[in-house]
Amino acid sequence: MDPMMKIDPTMLKDIICECGCNVFVPMILLREVPFMYSKTGKNDEMSIQIGYACISCNKPRTTLPGVTFDAPKTLVGEDGKPIGDS
Ligand SMILES: [Zn+2]
């Protein structure tokens with residue numbers, strides 16, 4: 001039996017981002033799969049989940065060692081203008 005199944009998630013402590021937010025979204029890398037390795041026989045792509053990003057400040061948390069983030073240096077707000085550029 002999987003010991004993780006006994007854990008009640010409501011009893012666990014939240015992981016909190018440095019900014020105080022406790023909600024994260026999954027981060028996905030997309031990798032090209034050459035046709036000779038693809039089930040479809042055509043060039044394909046596969047997704048690899050590498051961690052989570054805070055929905056408030058976008059700070060990434062990764063569960064994989066050695067992963068680097070090539071995210072844009074300038075974050076853009078909902079109005080299309082850079083954030084923190086005053
Ligand atoms: Zn945050």
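Every read-out reported here was derived from the displayed coordinates using simple, explicitly stated rules and does not represent laboratory data. All figures in this text were calculated on a predicted structure; none of them were measured in a lab. Glycine gets a Cβ as well: all are built from the backbone with ideal geometry, and neighbour counts include every protein chain shown.
Quick notes on this structure:
- Set of lysines with alpha-carbon distance to residue 81 below 16 Å, sequence-local pairs under 8 removed: 73
- Potential lengthening between residue 33 and residue 11 on full extension [0.36 nm per residue; Cα-Cα distance subtracted]: 3.8 nm
- Gain upon complete extension [residue 68, residue 55; 0.36 nm per residue less C-alpha separation]: 2.8 nm
- Here the range 23-64 is assigned +1 on the Cβ of each Lys and Arg and -1 on the Cβ of each Asp and Glu. Its dipole about the Cα centre then comes out at about 120 debye.
- Using the Cβ-Cβ distance between residue 47 and residue 21 with R0 set to 25 Å, the FRET efficiency works out to roughly 0.55.
- Peptides ranked, highest mean first, by Cβ atoms within 10 Å: ranges 37-43, 16-22: 16-22, 37-43
- Per-residue Cβ neighbour counts within 10 Å put 63, 10 in the sequence 10, 63, beginning with the fewest.
- Spherically averaged projected area in nm², based on the convex hull that wraps the Cα atoms of the range 23-64: 3.5
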